[in-house]
1. Can you give the Rg to Rh ratio for segment 41-94, taking only C-alpha atoms and Rh from Kirkwood?
2. List the relative contact order of the chain as a percent without decimals, with contacts defined as Cα pairs under 8 Å and 6+ residues apart.
3. Ignoring any ligand, DNA or RNA, what whole percent of the accessible area of segment 13-174 comes from carbon and sulfur when the probe is 1.4 angstrom?
4. Round to the nearest 10 and report in Å² the accessible area of residue 120, as given by a 1.4 Å probe over the protein chains' heavy atoms.
5. Quick check: from the Cα gyration tensor, does segment 66-125 come out rounded (a/c under 1.5), prolate or oblate?
6. Going by a ≥ b ≥ c, the root eigenvalues of the Cα gyration tensor, does segment 92-145 fall in the rounded group (a/c under 1.5), the prolate group (a/b larger than b/c) or the oblate group?
7. Just by accessible area at a 1.4 angstrom probe, what is the order of 88, 31 from largest to smallest?
8. If you split all Cα-Cα distances of the chain into 10 Å bins from zero, what percentages do you get per bin, shortest first?
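The values are calculated or read from the model by the stated rules, or taken from the named source; none is laboratory data. These numbers come from a predicted model, not from an experiment. Calculation scope for accessible area: heavy atoms of the full protein, side chains included, ligands and nucleic acids excluded. Shrake-Rupley method; radii C 1.70, N 1.55, O 1.52, S 1.80 Å.
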Amino acid sequence: MRNQLSSRPPRPNLNPLSLPKLALAGRAVLTFRNLSEGSHMTVKIKQLRDKQDRKKLLPIFYVYISLLQDGRTGMEFAGTLFQETMETKLGRGVQADSRLGRALNWIVSAIKNPEILRGRVGLFHEGKCCKCGLPLTHPESIHTALGPVCLERMVAAAQREEFNFSEIFKPVESI
Ligand SMILES: [Zn+2]
């Protein structure tokens with residue numbers, strides 16, 4: 001029984017097209033699983049706040065990556081992501097050609113073009129809202145990784161840019 005359970009790969013719970021919105025939602029924790037190799041990495045992307053006015057969010061994110069199989073431990077600071085240019089600055093001591101440096105580079109490419117995940121890399125959330133970090137308690141949040149209030153806020157903000165949210169949160173079974 002135990003073997004049967006562990007040999008079945010987990011089913012991704014997020015549509016890859018949601019990556020650009022979720023990754024930059026504020027407090028994202030996302031796991032990427034290479035579907036052919038079975039390897040995975042967990043990424044934490046935290047938005048910075050203005051030092052004087054803590055309510056003011058900056059278009060700057062710290063990216064932490066865990067390349068270990070145990071996603072809880074080993075979060076390492078990989079670098080800073082600047083949303084306006086989508087350019088990165090590597091963390092102190094992080095080499096561009098190291099595993100961490102290459103992982104950061106790949107993540108930014110995937111945020112820019114989530115199509116590269118399709119059929120190759122599964123995207124998972126950890127049961128926490130990618131915007132505020134609180135545990136997800138509503139069943140419908142399973143496909144969005146956002147609590148109802150945070151989702152509503154993001155949809156309202158995206159209306160100005162005519163963004164189609166139902167498209168990116170189509171359950172993975174149907175794509
Ligand atoms: Zn939330």
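1. Value, to two decimals: 1.04.
2. Result for the chain is 27 percent.
3. 50
4. 150
5. Working: a/c = 1.88, a/b = 1.09, b/c = 1.72.
The shape class here is oblate.
6. Details: a/c = 3.27, a/b = 1.73, b/c = 1.89.
Taking the square roots of the gyration eigenvalues as a ≥ b ≥ c, segment 92-145 is oblate.
7. Details: 88 65, 31 20 Å².
Largest accessible area first, the list is 88, 31.
8. 10, 37, 38, 14, 2, 0
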